[in-house]
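The values are calculated or read from the model by the stated rules, or taken from the named source; none is laboratory data. Because the structure is a prediction, the values reported are computed rather than measured. Here the Cβ positions follow ideal geometry from the backbone for every residue, glycine too, while neighbour counts run over all protein chains shown.
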Amino acid sequence: MDNLATIIEELSNLNPPNQSFDNQLILQALNLISNPQHDYPVIHLAGTNGKGSTASFIESGLIAAGYNVGKYSSPYIHCINECISLNQQMISDVELTQLYLEYKEILIAHNIFLSSFEMLTLIMFAYFSRHKVDYLVLETGLGGKDDATNVVKSMFSVITNVSLEHTQFLGHDLLGIAKHKAGIINHGLTVVGDNSPELIDAVTERTKNYVSIKERYSVIDVNLDRQTFTTRVKFYDHATNEELNVVLGLFGDFQVDNFLCAYTVLQQLGISRELITLSARNVRWYGRLQKLQDKPLMIVDASHNLDGVTKLAQNLVPWFPADNSVIICSILRDKDCQTMLNQYARISQQIIFCPLSNQPRASAVNDLAQIAQGKFKKISLATSPAEALEIAKAMDVPILISGSCYLLKYFM
């Protein structure tokens, strides 16, 4: 067999010509391998932000209840294997490459050429079928309606929120984007994490069988513990007339909505409040407002769009020392760099831009520096993430690393 790393590199860089943004090709491919996506119940998640955290809360609760649980999420930080996890253990290089080579041969024989994401999705469905999962927690890759994951008959559909993103594919207004997200809705219960009119309209156009967490729950109090980087929430459940206190293993007031989406699903599945509470405290989702060290304080966060950075700022501005801290940053050029940097400037007045090697979508550091002019008191340029960290550590101030998921692998 060829070197495993070489095969995984090939899998990670499949770019067939004449790609179209729909799920028709993967449906053909799945049909050739007996449609493994129908072999287990699916909890399908879409949303601009919060999918990963919500999926992790659901995954943790299901595992705590003794289930065999698959999860599919993207993007990854270190390696593509992270996208496919079974009971919180990522797929091995051996199984990933074996499945890839097996299906590559079948698809070539039928003149079907998938993108990397489509092929990984195909592999994922088959992998979880072979391992006989009890549940698949499934995140969309892009949008919902036309996404490669939208080939399932889901038991639950969860839509966390909507904001402007990927407008070249999803449309230039919130209603259009919301309709793409709502495209994942099937006959099962839909859980909605945001009560924006556009999202509610898109959901109700497809189903009346939905729960809005903004209507079902009243959040009474949220406390962020900056020592343990956990979130304590007190909320009232109007469906059961109960007041509950829960500690979340993830930091940030925005995690409350993510948890409540997960809580609704887990309750519907009959999992006890005690197990849900225990699993929520133990949940981990790396790179999401995560503290790496205390002295100096170093935080990494995978925010990579305006909505994510705005929520990051809301949680850090009240206590992060803007005049005595620094941000290490890189942003992809197809993002709203201007307004994202406006939010970063609220968090800190010093920023270091660094390049992302082998990432063709990355912004040039000089371009970012030009956009940042007038927003920050001090702007520095580094030739690599390693040099950026050296510069930041020499300043001996709190450090935030953010702007792109692709940046985090250099620091974690």
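Beta carbons closer than 6 Å, at least 6 apart along the sequence or on distinct chains, pair a first residue in the stretch 4-31 that is closer than 14 Å to residue 116 by Cα with a second that is loosely packed, with under 14 Cβ neighbours inside 10 Å and not aliphatic (A, V, I, L, M) for 21/169.
Do we find that residue 142 is surrounded by 19 or more Cβ atoms within 10 Å (Cβ to Cβ) and either closer than 12 Å to residue 46 by Cα or of a type in the set (A, V, I, L, M) (or both) in this structure? So residue 142 does not fit the description; no.
Does the stretch 281-299 include one or more residues that are in a helix (DSSP H, G or I), under 19 Å from residue 253 (Cα atoms) and of a type in the set (A, V, I, L, M, F, W, C)? Before you say what the answer is, go through the steps one by one.
Going residue by residue through the stretch 281-299, those that are in a helix (DSSP H, G or I) are 281-282.
Restricting the remaining residues to those that are under 19 Å from residue 253 (Cα atoms) gives 281-282.
Narrowing the set further to residues that are of a type in the set (A, V, I, L, M, F, W, C) leaves none.
No, that holds for no residue.
Under the condition of being outside any strand (DSSP E or B) and more than 13 Å from residue 12 (Cα to Cα), the residues counted in the stretch 80-100 number 8. Checked against (1) hydroxyl-bearing (Ser, Thr, Tyr); (2) over 30 Å from residue 324 (Cβ atoms); (3) free of Cβ contacts under 8 Å to residues at least 40 places away in the same chain; (4) in contact with a Gly (Cβ under 9 Å, 6 or more places away or on another chain), residue 279 meets all criteria but (3).
Scanning the stretch 289-303 for residues that are in contact with a strand residue (DSSP E or B) (Cβ under 8 Å, 6 or more places away or on another chain), of a type outside the set (S, T, N, Q) and surrounded by fewer than 21 Cβ atoms within 10 Å (Cβ to Cβ) yields 291, 292, 296, 297, 298.
Kindly indicate whether any position in the stretch 335-345 is touching a Pro at 6+ places or on another chain (Cβ under 7 Å) and either assigned to a loop (DSSP other than H, G, I, E, B) or in the same structural domain as residue 49 (by TED's automatic domain parsing) (or both). No - not one qualifying residue is present in the stretch 335-345.
From the list 323, 336, pick out the single residue that is out of contact with any Lys or Arg (no Cβ under 9 Å at 6 or more places or on another chain) and either under 30 Å from residue 62 (Cα atoms) or not basic (Lys, Arg) (or both). Testing whether each residue is out of contact with any Lys or Arg (no Cβ under 9 Å at 6 or more places or on another chain) and either under 30 Å from residue 62 (Cα atoms) or not basic (Lys, Arg) (or both) leaves just 336.
What's the total number of residues in the stretch 3-61 that are assigned to a loop (DSSP other than H, G, I, E, B), aromatic (Phe, Trp, Tyr) and within 21 Å of the chain's Cα centre (by Cα)? Let's see the steps before the verdict.
Going through the stretch 3-61, the residues assigned to a loop (DSSP other than H, G, I, E, B) turn out to be 3, 12-23, 33-35, 39-41, 47-50.
Right, trim to aromatic (Phe, Trp, Tyr) and you get 21, 40.
From what is left, the residues that are within 21 Å of the chain's Cα centre (by Cα) are 21.
Residues meeting the conditions: 1.
Picking from residues in the stretch 215-226 that are closer than 27 Å to residue 155 by Cβ and in contact with a helix residue (DSSP H, G or I) (Cβ under 8 Å, 6 or more places away or on another chain), the one that is surrounded by the most Cβ atoms within 10 Å (Cβ to Cβ) is 217. Starting from residues that are assigned to a helix (DSSP H, G or I) and of a type in the set (Ser, Thr, Tyr), keep the ones in the stretch 242-279 and report whichever is surrounded by the fewest Cβ atoms within 10 Å (Cβ to Cβ). Result: 277. Scanning the stretch 8-59 for residues being modelled with pLDDT of 95 or more and on the phi > 0 side of the Ramachandran plot gives a total of 2. Kindly evaluate residue 108 against the criterion of being among the β-branched types (Val, Ile, Thr) and either closer than 22 Å to residue 276 by Cβ or modelled with pLDDT of 95 or more (or both). Considered against the rule, which asks whether it is among the β-branched types (Val, Ile, Thr) and either closer than 22 Å to residue 276 by Cβ or modelled with pLDDT of 95 or more (or both), residue 108 comes out as yes.
Restricting to the stretch 384-409, name every residue that is hydroxyl-bearing (Ser, Thr, Tyr) and closer than 23 Å to residue 50 by Cα.
In the first step, residues of the stretch 384-409 are kept if they are hydroxyl-bearing (Ser, Thr, Tyr); the result is 384, 402, 404, 406.
Listed by number, the residues that qualify are 402, 404, 406.
Listed by first and then second residue, the pairs linking a residue in the stretch 128-156 that is over 27 Å from residue 64 (Cβ atoms) to a residue that is hydroxyl-bearing (Ser, Thr, Tyr) and assigned to a helix (DSSP H, G or I), with Cβ atoms under 6 Å apart and 6 or more places separating them unless they lie on different chains, are 148/121. Confirm whether residue 381 is outside the structural domain of residue 255 (by TED's automatic domain parsing), crowded, with 19+ Cβ neighbours inside 10 Å, more than 30 Å from residue 245 (Cβ to Cβ) and touching a Phe, Trp or Tyr at 6+ places or on another chain (Cβ under 8 Å). Judged against the criteria, residue 381 is not a match. Looking at residue 375, is it surrounded by fewer than 22 Cβ atoms within 10 Å (Cβ to Cβ), basic (Lys, Arg), in contact with a Ser or Thr (Cβ under 9 Å, 6 or more places away or on another chain) and not in a helix (DSSP H, G or I)? Judged against the criteria, residue 375 is not a match. Within the bounds of the stretch 89-109, is there any residue that is assigned by TED's automatic domain parsing to the domain that holds residue 23, buried (at least 19 other Cβ atoms within 10 Å of the Cβ), within 26 Å of residue 302 (Cβ to Cβ) and free of Cβ contacts under 8 Å to residues at least 40 places away in the same chain? Yes, the conditions are met somewhere in the stretch 89-109.
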